[in-house]
Amino acid sequence: MNAYIRQVLDDLKARTPWESEFIQAAEEVLESIEPLVEAEPKYKAQHILERIIEPERTVMFRVPWMDDKGEYHINRGYRVQFNSAIGPYKGGIRFHPRVQLSTLKFLGFEQTFKNSLTGLPMGGGKGGADFDPHGKSDNEIMRFCQSFMTELSKHIGADTDVPAGDIGVGGREVGYMFGQYKRLRNEFTGVLTGKGMSFGGSLIRPEATGFGAVYFAEEMLKRNGDTLKGKTMSVSGFGNVAWGACIKASQLGAKVVTISGPDGYVYDPDGIGTKEKWDYLEQMLVIDRDKVATYVKKFPKATFNPGKKPWEVKVDLAFPCAIQNELNGDDAKALIANGVKVVVETSNMGCTPEAWKLFIEKKIPFAPGKAANAGGVATSGLEMSQNSMRLAWGAEEVDHRLHEIMVNIHTACVDTAKQYGFEGNYVIGANIAGFKKVADAMLAQGLV
């Protein structure tokens, strides 16, 4: 490894050795941009790597709220404003009991380059709280969201930082936060994306991450003279991302045979390819967002496999859609042994380094999350555009623009990897293409 990159990573590990997820994300990016750093010494001369791995701003605050019994609770809220070199900070808000600073720093760092790849003027950020919405009443969630936004509203704005939803934050939570922001600031502005259609939301937004990942996979197959038609596909998770992937893959002729949850995975030999099944996935989140087993009660031909992951199933394509590091080295070996043709990292950093390096070693096309799952934030960017222009596009228009963005991201990854001598390596292509745009903007703006 380049001595400069090694020194930057060593210094990062020495400063915050406990931030394992962030260190993992930084290692992946910095190691893969070595060809660019060696070709263009300006990045070392102006210490771009040291600057780009440090968030511009990190806000941490308490979130006091009252439950339905009148009991007081205190949670911890965060907003990591990572990089604004190419636009206002943009990235989701996550409510989950395991949310911590390391998680949000890794997500904000990844978001910076993902947003860069979309071609839209968006910087990178991420936020959230160690709050568990599971089992809470609507009124409890409303009170928490209002308290959270009371502090967050001081740090965001349509031209400063535009959050969206993420794990644990859907349309309901975004609505409550938007209402509180409007109340506090006395302005109706596109400060959040993922809003309801009645107050500035965009069509296709809930499905967009899954749609975009499938469009990216379609381009990967096309590059090798293949199509999605007739392919079998495993998906993890059963939230919005997995739901969108199931819909678009089925529309393009593939058969999705798995979904998963914390309790195990479901195998459906008939495929999750009908409107009835897609609608039920949405209902399952309301019934119990921690259990996928309820699917087999509704569709008894499917089987539930408790405590297992879907990567043991023989498929053509694998889409990890749930959470970081969900697909490990052993899972990768199982997929490879079963003849997987393409792996599309649809969750953020969904594969461990051991897993994605195995795929590359075995010449199996592997799409990293910052490229493959950019459809969600791309459509959020389209929502920002619609809000700014005070208009709303139809579903076909948004879907067309999303498809176009994903095709362009695929082209950028392929062309960049080839330019630097790593043809077919999507990790290097995505990281160099995403990094270069941000780094060059930082150079142009001086030491800030």
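We did not get these values from a lab; they are worked out from the coordinates using the rules stated. Model, not experiment: these values are computed from the prediction. Positions of Cβ are generated from backbone atoms using ideal geometry, with glycine treated the same way; all protein chains shown enter the neighbour counts.
Using amide H atoms built 1.01 Å from N in the peptide plane, name the residues 5+ places from ALA254, or on other chains, whose amide H lies under 5 Å from its own.
For ALA254, the qualifying residues are GLY230.
Would you list, by chain and number, the aspartates and glutamates whose Cα falls below 13 Å from the Cα of LYS308, excluding same-chain residues fewer than 8 positions away?
Excluding near neighbours in sequence, the set is ASP263, GLU326, ASP330, ASP331.
Strictly greater than 19 Å: what percent of every Cα pair in the range 92-177 meets that? Let's see the in-between values first.
Numbers: 1413 of 3655 pairs.
Above the 19 Å cut-off, the range 92-177 has 39 percent of its Cα pairs.
Hey, what did the range 61-125 get for relative contact order, percent, Cα under 8 Å, at least 6 apart?
Numbers: 94 pairs, mean separation 23.2, N = 65.
It rounds to 36 percent for the range 61-125.
Normalise the Cα radius of gyration of the range 175-240 by 2.2 N^0.38 Å (N = residues in it) and let me know the number. All intermediate terms of the calculation are to be shown ahead of the outcome.
Details: Rg = 18.1 Å, N = 66, 2.2 N^0.38 = 10.8 Å.
After normalising by residue count via 2.2 N^0.38 Å, the value is 1.67.
I need the phi-derived Karplus couplings for the range 37-53: 6.51 cos²θ - 1.76 cosθ + 1.60, θ = phi - 60°, integer Hz, Gly and Pro marked x.
For the range 37-53, the Karplus curve yields 4, 6, 6, 10, x, 4, 5, 6, 4, 9, 6, 5, 5, 4, 6, 6, 8 Hz.
Setting aside same-chain residues fewer than 8 positions from LYS42, which lysines have a Cα under 21 Å from its Cα?
Leaving aside lysines fewer than 8 places away in the same chain, those within reach of LYS42 are LYS436, LYS437.
Beyond 28 Å, how much of the Cα-Cα pair distribution for the range 292-435 remains, as a whole percent?
On the way: 3320 of 10296 pairs.
Within the range 292-435, distances greater than 28 Å cover 32 percent of Cα pairs.
D for the range 53-140, whole µm²/s, Stokes-Einstein with Kirkwood Rh over alpha-carbon pairs at 4 °C and 1.567 mPa s: what number?
On the way: Rh = 13.8 Å.
In µm²/s, the coefficient is 94.
Treat each spin label as a single point 7 Å out from the Cα along the C-beta direction, and report the GLN24 to MET1 distance in nm.
So the two model labels end up 1.6 nm from each other.
Among the lysines, which have Cα under 20 Å from the Cα of LYS136 when same-chain residues fewer than 8 positions away are ignored?
LYS69, LYS291
Taking H placed 1.01 Å from N in the peptide plane, check which residues at least 5 places from ASN75 or on another chain put their amide H under 5 Å from its amide H.
VAL63, TRP65
Over 29 Å, how big is the tail of the calculated P(r) for the range 3-188, in percent of all Cα pairs?
Working: 4710 of 17205 pairs.
More than 29 Å apart: 27 percent of the Cα pairs in the range 3-188.
What pairs in LYS255/LYS275; LYS231/LYS362; LYS90/LYS357 have C-alpha atoms more than 18 Å from each other? Mind dumping the intermediate values first?
Working: LYS255/LYS275 14 Å; LYS231/LYS362 20 Å; LYS90/LYS357 29 Å.
Over 18 Å Cα-Cα: LYS231/LYS362; LYS90/LYS357.
When the Kirkwood radius is taken over all Cα pairs of the range 143-187, what Stokes-Einstein diffusion coefficient follows at 4 °C and 1.567 mPa s, in µm²/s?
Values: Rh = 10.6 Å.
Roughly 122 µm²/s, to the nearest whole number.
What do the square roots of 5 times the Cα gyration tensor eigenvalues come to for the range 208-364, in whole Å, largest first, as semi-axes of the equivalent ellipsoid?
Numbers: eigenvalues 104, 62, 37 Å².
Whole-Å semi-axes of the equivalent ellipsoid: 23, 18, 14.
Exactly which trypsin sites (Lys or Arg not before Pro) in the range 117-191 are in a DSSP loop and have at most 15 other Cβ atoms within 10 Å?
Working: sites: LYS126, LYS136, ARG143, LYS154, ARG172, LYS182, ARG183, ARG185; in loops: LYS136, LYS154.
Filter output for the range 117-191: LYS154.
Let me check against my output: what whole-number percent is the relative contact order of the range 3-188, with C-alpha pairs under 8 Å and at least 6 apart? Intermediate values should be presented prior to the final figure.
Details: 309 pairs, mean separation 39.7, N = 186.
Relative contact order, the range 3-188: 21 percent.
Using alpha-carbon pairs under 8 Å, 6+ residues apart, how would you state the relative contact order of the chain in percent? Before the final figure, lay out each step's value.
On the way: 931 pairs, mean separation 67.3, N = 448.
Normalised by residue count, the contact order of the chain is 15 percent.
Which percent of Cα pairs goes in each bin when the distances of the chain are cut into 10 angstrom slices starting at zero?
Distribution as computed: 4, 22, 33, 27, 12, 2, 0 percent.
Go through 210-218, 400-408 and give me the packing order, highest mean Cβ count within 10 Å leading. Walk me through the intermediate numbers first.
Values: 210-218: 27.9, 400-408: 18.6.
Put in order of decreasing packing, that is 210-218, 400-408.
I need the semi-axes of the equivalent ellipsoid of the range 129-216: take the C-alpha gyration tensor, multiply each eigenvalue by 5, square-root it, list largest first in whole angstrom. Can you show the working numbers first?
Numbers: eigenvalues 94, 61, 27 Å².
Equivalent ellipsoid semi-axes, largest first: 22, 17, 12 Å.
I'd like to compare 431-442, 40-51, 113-124: which one has the highest average count of other Cβ atoms within 10 Å, and what's the full order after that? Numbers along the way, then the final one.
Numbers: 431-442: 22.4, 40-51: 15.6, 113-124: 24.9.
Top to bottom by mean Cβ count within 10 Å: 113-124, 431-442, 40-51.
Stretch ASN328-ALA444 to full length: gain in nm at 0.36 nm per residue minus the Cα-Cα span?
37.8 nm
Roughly what % antiparallel, to the nearest 5, for the DSSP beta bridges in the chain?
On the way: 26 of 44 bridges.
About 60 percent, rounded to the nearest 5.
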